[in-house]
């Protein structure tokens, strides 16, 4: 159930169909699981085939993830909003477009389903199912990269929902494809993805000890974007022409 | 001739133009032949040029296949539905959107035309026309990969037909581009493609002895997706707002 | 001036704006010159940077050409139809959608402007302006590849104009990206492009002695597609529902 | 505030929402900063991972920049026009679609914000923040390449705004992806980008001594395009059918 958006403010979330909570959580679960299967699976494929050239592996990884996101957001968006990402759910909760209890349920489902998706990828590639990553991704530069990545992701979502809601799936897929390349952390930008990737000691993995700083940077980036784009995307009061939520 | 969809259920297939059976089968034949020429031809090109780096070959192969699918579904979809794939036809038959006799005719045409497409690719690349693949793709991991690949393909088709029918060609092309990378089997996801590729001993080939498990996994994946997405894409009864098939 | 399409037949060409012949020929000239600058320039860039791996060079070449075609067809299509290709102009002339004298003017402009585009590419890359290619592309396989490439190109154009005219630019760009990979000849599919590329001894070149077979195969492919898709894209008489040209 | 377009001439700029100057300048600043972070960041990522194969680095760099531009133009276009580029602002000023004082403010903001974006990229990749490039990009061929790149960019913008304003973000992103490959200079096509990239001694850098010729060529290309496309995109007087600005 969506709360009303703040008075005088345009809703950024397109109206959802009449799907109940079970359908919504199922869509978040299936979407998050498939997203992680795509992220981790294409990373394994790239690493196995690229003969040590990580730029080629990243090309396959980034194109597969971006293309997959366009698909998943298109087919699950009208059911659940296609967040797949606690940072996105947080940003919508801040804007009062999803109630806090429902937001919490979303986040739990996203995290659990993401882990299942990693295990599916491992099974497909004959990897041991249960792994823990040893790939350290530490330091302030990595945290800054995650802040920028998540700030840009939330801005892309809010901006396209505001001006071109029909293109949101495309904008998010293109953004992540670009962000895999322009952020030094290859743009996790998603706490559920971060947790799940800590359980894969492959191309896409991240050591558990590196995850807290990633998640903190992501949440700060999401809050900063919710504030900044909340202001930027609103016409100035003098010139409003009758839009209401 | 399309049967009525089950009562209370939304049709997933967009209305087709007034094309008769001859036109429809011709569209399936031309589309399947071109699809296989694209899959096998771009595989040969990639393998010949990539100097042994299979990730680079897969980049060319996956981009060409995805781009080609967008084209083929756009130009043949309004004539025949642009299945090119017995697993897709099966899923529509399960949902009673295509009669079983017509579905059988579709599947035969898809398989035969796919083989012709492989031969065209061989001729273009000065390869022997008649080949049999020796590339084993065996084991439960490969079968799981084909299950996932086909489940996701049918879900992508049903989801985009339900919410964004104008984008179906794009969604399928993007899905296959991603699936070439994130499934360990490089996502055949199509029994006609599987049979045809067994007749090419090149990059895209599959040994005939590996095909039964692939095809079985594809059909199970298609049935599972027809059931799962049949439930997921339907609003819950309490909140239906008058949509009828 | 467009002739009326044959009675009982749908026009495949979208209505053009009120642009006169001077504007149209200028659009064909600018578009063909830019197309060849893109094809030859991105080939030189790829070859110079790819350290001998021609698959990587072809990735850059095919992505640049496909992306460039979407742009050129979008911005010049409403002025001249954005043929840039005597084989395309021939197919429209066969369908009586462009008068033969105008078609001849189009073809001359396309060929001359294409050559200028090659020279611009050479100048940008500090290559000698005037070159003749020594790259032989001979044999029946290459001719078959050009037949298939052009047949598919014309089918893609006619199919998208028939069903999704707003997407024609995208469909052509995606088709050519795929065709660079799945045809053994890397899909010239255009007599003006073939002539112009014979004047560049770089990645995209073709020896003049190889051009007649290419051009012949392209024209036969265009005629075959005009006939085949002319039939396929027309509803069968029994079920026509009042469409007129 | 937009001036009226010249009498008898169609406006090329879509109507903007009711955003005030502060919002507009903030959108130009955020967009230009993110654009430079994308250009420079993806260049660093490509160079670090590509093991010396610059074609692979350019693939990542060009795909990230093109995808990023689609995103940035979609989310900032309705606020400020999403110029991010003094050459684009100049072209609109020549067509009297933006007043000269506002154009000057745009250009200053673009240049300053672009430099900040470069510094953000350096910080994310643990590079020294303050750098000066030593990469010479000199000679008449490079200047010609920048003239062509900017001429084509302005033509792409004007053409898509004229015929398909909803697709402008896509057309610009695709154009730049192609232009990275087909112009010998990898298509800076933007004075603010040129200045900012002179402050990065990485893949995307340019020595300060090479910048004046780049910027001059860009401005000449923009003016030439404003004149040429101003004529080409206007229907001939005889056949105008009542369009007014």
Check your understanding: Quick check: anything in region C:83-101 within 14 Å of chain D (Cβ to nearest Cβ) and in contact with a helix residue (DSSP H, G or I) (Cβ under 8 Å, 6 or more places away or on another chain)?
Key -> no
Exercise for review: Output the residues belonging to region C:190-217 that are assigned to a helix (DSSP H, G or I) and surrounded by fewer than 24 Cβ atoms within 10 Å (Cβ to Cβ).
Suggested key: C:195, C:208, C:209, C:210, C:211, C:212, C:213, C:215, C:216
Point to revise | Qualifying residues in region A:30-46 (those that are at the interface with another protein chain (Cβ under 7 Å from one of its Cβ atoms) and closer than 15 Å to residue A:118 by Cβ) - the one surrounded by the most Cβ atoms within 10 Å (Cβ to Cβ) | key: A:41
Check your understanding: Do the conditions hold for residue C:122, that is, is it modelled with pLDDT of 95 or more, assigned to a helix (DSSP H, G or I) and facing chain D (nearest Cβ under 7 Å)?
Key -> no
Practice item. Only one of these is within 11 Å of another protein chain (Cβ to nearest Cβ), in contact with a helix residue (DSSP H, G or I) (Cβ under 9 Å, 6 or more places away or on another chain) and either closer than 19 Å to residue B:194 by Cβ or crowded, with 22+ Cβ neighbours inside 10 Å (or both): B:58, B:49. Name it. Key: B:58
Review point. Quick one: which of B:127, B:146 is within 23 Å of residue B:223 (Cβ to Cβ) and either within 11 Å of another protein chain (Cβ to nearest Cβ) or surrounded by fewer than 24 Cβ atoms within 10 Å (Cβ to Cβ) (or both)?
Key: B:146
Check your understanding: Can you tell me which of B:153, B:136 is within 11 Å of chain A (Cβ to nearest Cβ) and either surrounded by fewer than 18 Cβ atoms within 10 Å (Cβ to Cβ) or in a helix (DSSP H, G or I) (or both)?
Key -> B:153
Check your understanding: Of all the helices (runs of 4 or more DSSP H) wholly in region D:10-118, which have at least 2 residues that are within 16 Å of residue A:175 (Cβ to Cβ) and at pLDDT 95 or above?
Key -> D:21-49, D:54-80
Study note, to complete from the structure: Of the residues in region B:171-189 that are in a loop (DSSP other than H, G, I, E, B) and under 11 Å from residue A:42 (Cα atoms), the one that is nearest to the other protein chains (Cβ to nearest Cβ) is B:184
Check your understanding: Does residue B:160 qualify as being crowded, with 18+ Cβ neighbours inside 10 Å, over 13 Å from the mean Cα position of the chain (by Cα), closer than 26 Å to residue A:78 by Cα and within 9 Å of chain A (Cβ to nearest Cβ)?
Key -> yes
Exercise for review: Taking residue D:72 as the residue in question, decide whether it is touching a residue at least 40 places away in the same chain (Cβ under 8 Å), away from chain A (no Cβ under 14 Å) and touching a helix residue (DSSP H, G or I) at 6+ places or on another chain (Cβ under 8 Å).
Suggested key: no
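The values are calculated or read from the model by the stated rules, or taken from the named source; none is laboratory data. In this text, all values refer to a predicted model and were calculated from it rather than measured experimentally. Glycine also receives a Cβ, built like all others from the backbone with ideal geometry; neighbour counts cover every protein chain displayed.
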